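Just below is one structure, and these are the notes that go with it.
Rule-based calculations on the coordinates, nothing more; no lab input. No experiment lies behind these values; they were computed from the predicted model shown. Because the Cβ atoms are built from the backbone with ideal geometry, glycine has one as well, and the counts that use them run over all protein chains shown.
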Amino acid sequence: MGEDRKHVEGPIEQLAKRLDVRRALPSLAKISLLFAGLVLILFGFWPFFSPKPVSWSSGPISHSHQMIASNCRACHQEPFARVQDAACLNCHSLTPHTKQFSPQNIAAHPSLQSSCADCHFEHRGPGGGLITRDPSMCTSCHANIKHALQDVSGPNVRSFNEHPQFAVLVAPANPGGTTLKISLNDSKNLADNSHIKLNHHIHLARIRGPEGEVTLKCTSCHQLAADFRSIKKIDFKTNCQSCHPLTYDERFPDREVPHGNANQVFAALFAEYARLFAFDRAAEAPLDDRRLKPGDPLPSVSQTKALGGFSQERVEQAARSAEKELYTRTACKLCHEVRESTVDPEEIATKGLSRYEVIKPQIPEHWLPASTFSHGAHEPLRCIECHAGAPDSKKTADVLIPKVADCQKCHAQGGPGPHSPKPGAPLVHSDCILCHSYHEPKALAEVQKRSIDQVLSAVKVN
Amino acid sequence: MSEDTFFSYKNYRWLWLNTIAVTLMIAIYLIDRPLGGPSGGTILGLTYGVIGALGILYLTWFGIRKRSYHAQQTTLKGCLSAHVWLGLALLIIVPLHAGFQFGWNVHSLAFVLMTLVILSGLWGARHYQLLAPTIRSHRGGAQPLKLLEQIESIGQDIEAKVKEVEARGDSASFNQLVAEVDFDYKPSIWKSLFDRTPELESENASKLLAGLQPAQQEAGLALISLADKKRDVARELEADVATLTKLRVWLYLHVPLTIALLIALLIHILSVFYYR
């Protein structure tokens, strides 16, 4: 300064000082200390000692975790450590992706031992990243599966637009064999070995029903289940019995054997004939040689010969005869593969067991078990849009599951797809997660269950 | 070289270097597709975070560098140039680090503080560019002092003139003129910025001058001339004070906000590792 500091400042010098903003304001150091102190206290000490450090959260919590949103320790159990799987497994139990990755694979690819937090991202808001749909999560391994897992054979999948042909689970040709996964392209080996006989073609033509001629629709037998996703299992009683009654004797056209257990069938026959021979004399009369046709009058008592009284042999004979008719001619063999029972004949005789066996049908309920499919979501479509082969299918062995190209008519991974009926038009956006899940949920062990209060306060239970 | 400002230092070297670096960082950010989307916790996010933090520390260091008067390998102008262009680059680097995830939390607070620092710095740099040429050599505030003394002296001259006229007789109309053209000068920073001393209103002054007695008219003219000079000096003083204030006041946001930013940055880094 050009001034001599020692002399007393006059009024002009004082005025000059007041005009200097550096003297009018508090010092830089003081202001800096104030700002720093505010930040340190409000955003440093307060959150650190608070049970709910809101300002330290890196983003809003997802909807599903809102009830534990104010309890950071529910997930962040150790300071300076990543969120551990154990924290998630407190409430969630899930199957692993696949059978244990082999040790060699893990050695080669340590990232295979991923933790929950590697794919499930919290603090990204309600819609956020908790369940991410990014296909690269899957294609990072599945685009080149052999590179990821050397001892696995399987097709590479790069995107839904290049999805390999579906492979269905079919029952083994020989009962007791292993189920097989056959590609829908493999026409040589692709066969429905369900040990049942069904001709779709006949059933969809104009046929004779219990109340006259009828043309069945797909939904006459295949109905949407209550979950609005799956199709109800075919049930003989509901879907077949009205046209295929299990009657066994024209003398009593309303009586049917139960369906299902061969021994029960014989037992029912035996009981029926025993009852009838014991109490109904008219029933004793043997059948006319001529088979009655619809419209023929029933034979009157005078036309029949009374043969004798009630005896076990007569009942047995009638029951066995009816059993044979049912299994080999009129009923069971129409739909089932029937063979003679392998049980010791003496045992059959003494215990009153069935002389015939029906090979248990193994109609698949879930043809593509690795995927989730909702028929309800596809309600607007006619069944034959996807199951086009059904009306012409005459053999049970025909597999009528749609191929991947059928799905690709409407589904594509982003934008237009390879089989779009309207070239260039974008289709239903279909990422991997639309049909596949990485995990399946599992039930929690009883000891891990807890009260509502405990869940809301994220108490650790065992 | 004399045309070289801290913006254009060495042909805008620091602008180019920062532009190339930021362009590269944007390109890599666009190519990178981490699982779960970009965020501060991905490998790239962490890398950019480190770059950003180091950048902030380097920028803060300038506060120390600017007071190092001994000869260095670098010039102060060069360091300021690097400081300014890196500061602007951080406006892009930090959002890239965050994956553009912002919220009401201490992490975004650090970013907001940094932005305020940068904006105040921009304001200061811009005004330095505009006003530096108008600063006259005044070493340590001597210019305002000199001007104040001049005003004081003119005030004394005016007083002398008034006394002179009073001694000679009736000075009522002269005093009216004095009241019209003279003013009690109370300078302040606020007035210098927002309420400058107006120029002399010549119409009223002329009327009053004409109404003076012939003997006093010469004194009246001299008075008007003095008052006019007083206003000129006052306005010069105010302009100087305003300039100097503008060149200094922004630092009173720039520096404290930087200190607050450093604290917020520290809390940000500690908290994201505490609650990993």
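Values computed for the structure shown
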| quantity | calculated |
| --- | --- |
| Averaged over A:68-76, number of beta-carbon atoms from partner chains that fall within 10 Å | 1 |
| Taking N as its residue count, the alpha carbon Rg of region B:1-61 over 2.2 N^0.38 Å | 1.48 |
| Rounded, prolate or oblate (a/c below 1.5 giving rounded, otherwise prolate when a/b exceeds b/c) for region A:340-462 by Cα gyration tensor | oblate |
| Whole-number D in µm²/s for region B:126-196 (Stokes-Einstein; Kirkwood sum over Cα pairs; 4 °C, 1.567 mPa s) | 85 |
| Potential lengthening between A:GLN223 and A:LYS422 on full extension [0.36 nm per residue; Cα-Cα distance subtracted] | 68.5 nm |
| Other protein chain Cβ atoms within 10 Å, averaged over every residue that makes up A:55-63 | 6 |
| Trypsin sites (Lys or Arg not before Pro) within region B:175-242, DSSP loop, no more than 14 other Cβ atoms inside 10 Å | B:ARG196 |
| Label-point gap, in nm, between A:ARG320 and B:ASN175 - each point 7 angstrom along Cα→Cβ | 15.3 |
| Likely footprinting exposure, B:VAL117, B:VAL22, B:VAL50, fewest C-beta neighbours within 10 Å first | B:VAL50, B:VAL22, B:VAL117 |
| A:HIS201/A:SER311 FRET efficiency (R0 30 Å; Cβ-Cβ; nearest 0.05) | 0.05 |
| Directionally averaged projected area (convex hull, Cα atoms, region B:1-103), nm² | 7.7 |
| Neighbour-count order for A:MET137, B:MET114, fewest beta carbons within 10 angstrom listed first | A:MET137, B:MET114 |
| At 1.002 mPa s and 20 °C, Stokes diffusion of region A:144-264 via Kirkwood alpha-carbon radius, µm² per second | 113 |
| Entries of A:LYS217/A:LYS237; B:LYS163/B:LYS230; A:LYS217/A:LYS403 with Cα pairs more than 20 Å apart | A:LYS217/A:LYS403 |
| Per-residue Cβ neighbour rank within 10 angstrom, fewest leading, A:ILE61, A:ILE348, B:ILE43 | B:ILE43, A:ILE348, A:ILE61 |
| Computed Rg/Rh of region A:16-106, alpha carbon atoms with Kirkwood Rh | 1.33 |
| Distance between region A:206-264 and region B:172-209 - C-alpha centres, whole angstrom | 113 |
| Total charge dipole magnitude, chain B, about the Cα centre, Cβ charges on Lys, Arg, Asp, Glu only, Debye to nearest 20 | 1700 |
| Placed amide H near A:TYR356: partners under 5 Å, 5+ positions off or other chain | A:SER341 |
| Residue mean of other protein chain beta carbons inside 10 Å, B:95-102 | 1 |
| Relative contact order computed over chain B (Cα-Cα under 8 Å; 6+ residues apart), in percent | 24 |
| Descending semi-axes in Å of region B:157-268, equivalent ellipsoid built from Cα gyration tensor | 49, 11, 9 |
| Long-range HN-HN contacts of A:GLY209 with modeled amide H, under 5 Å | A:VAL214 |
| Global size of chain B as Cα Rg and Dmax, reported in angstrom | 28.9, 97 |
| Zone of A:LYS395's modelled label, taken as backbone nitrogen in region A:194-222 under 15 Å from a point 7 Å along Cα→Cβ | A:194-201 |
| Where the Cα pairs of the protein assembly as shown fall when distances are cut into 20 Å bins, in % | 11, 24, 22, 17, 12, 8, 5, 2, 0 |
| Extension reserve of the A:LYS188-A:PHE80 stretch, reckoned as 0.36 nm per residue once the Cα distance is removed | 33.0 nm |
| Normalised convex hull volume, region B:45-114, alpha-carbon set, Å³ per residue | 82 |
| Dipole of region B:149-276 [Lys/Arg +1, Asp/Glu -1 at C-beta], most positive-end residue of B:HIS254, B:TRP190, B:SER206 | B:HIS254 |
| Computed E for A:GLU365/A:LYS30 - FRET, C-beta separation, R0 45 angstrom, nearest 0.05 | 0.05 |
| Computed over region B:83-181, the ratio Rg/Rh where both radii use C-alpha atoms and Rh is Kirkwood | 1.45 |
| Sites A:ILE433 and B:TRP190, calculated FRET efficiency, Cβ-Cβ separation with R0 56 Å, nearest 0.05 | 0.30 |
| Charge dipole (region B:1-134, unit charges on Cβ, about Cα centre) - positive-most of B:ALA89, B:LEU113, B:SER8 | B:SER8 |
| Karplus 3J(HN,Hα) series, Hz, for region A:419-432 with 6.51 cos²θ - 1.76 cosθ + 1.60 (x for Gly, Pro) | 10, 5, x, 10, x, x, 7, x, 10, 4, 5, 10, 9, 4 |
| Relative contact order for chain A, counting Cα pairs under 8 Å that sit 6 or more residues apart, in percent | 18 |
| Radius of gyration and Dmax over the Cα atoms of region A:204-260, both given in Å | 13.9, 45 |
| Region B:133-276: relative contact order in percent, alpha carbon pairs under 8 Å with at least 6 residues between | 34 |
